[in-house]
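Comments concern the structure below.
The values are calculated or read from the model by the stated rules, or taken from the named source; none is laboratory data. Since this is a predicted model, take the numbers as computed values, not measurements. Here the Cβ positions follow ideal geometry from the backbone for every residue, glycine too, while neighbour counts run over all protein chains shown. Areas reflect the complete protein model, heavy atoms only, side chains present, ligands, DNA and RNA absent. Shrake-Rupley method; radii C 1.70, N 1.55, O 1.52, S 1.80 Å.
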Amino acid sequence: PLSGVSLSAQPPGGRVALGDHLVLSCSVAAGTGPLSFSWHRGGSGAPLGTGPRLELRHVRDNDSGHYQCRATDGDSAAESAPLNVTVLGEGTF
């Protein structure tokens with residue numbers, strides 16, 4: 001079965017300035033067969049994307065939240081721990 005699904009962010013810690021670029025990467029420590037990935041935010045059912053990386057090119061205020069990666073190998077599935085993404089505003093609006 002799948003195990004050790006982990007999530008990392010660039011910039012580290014998921015703290016990103018408004019309008020900047022955020023890259024989330026998902027990795028799996030153990031698993032067999034072809035892997036597929038899906039990305040979710042705040043427990044929403046609809047995936048934000050597929051593949052081992054999720055790129056947000058121009059981060060907006062509403063991109064803040066808890067992100068998770070789900071990996072599946074066809075037989076089993078596992079999720080990463082949630083990563084909190086914080087969008088740092090540029091001044092006041």
* List the extent of the Cα atoms of the chain along each of their three principal axes, largest first, rounded to whole Å. => 48, 24, 18
* Calculate one ³J(HN,Hα) per residue across the stretch 3-17 by plugging θ = phi - 60° into the Karplus curve 6.51 cos²θ - 1.76 cosθ + 1.60, and present them in order as whole Hz with x for glycine and proline. => 7, x, 6, 10, 10, 10, 10, 10, x, x, x, x, 9, 9, 7
* Structure fact -> Distance in nm between Ser36 and Leu48 label points, each 7 Å along Cα→Cβ, equals 2.0 nm
* For Ser27 and Ala81 in the same chain, what is the full-extension length gain: residue separation times 0.36 nm, less their Cα-Cα distance, in nm? -> 18.3 nm
* To do: Just the number, please: carbon plus sulfur as a percent of the accessible area of the stretch 3-87, 1.4 Å probe, no ligands or DNA/RNA counted.
  => 51 percent
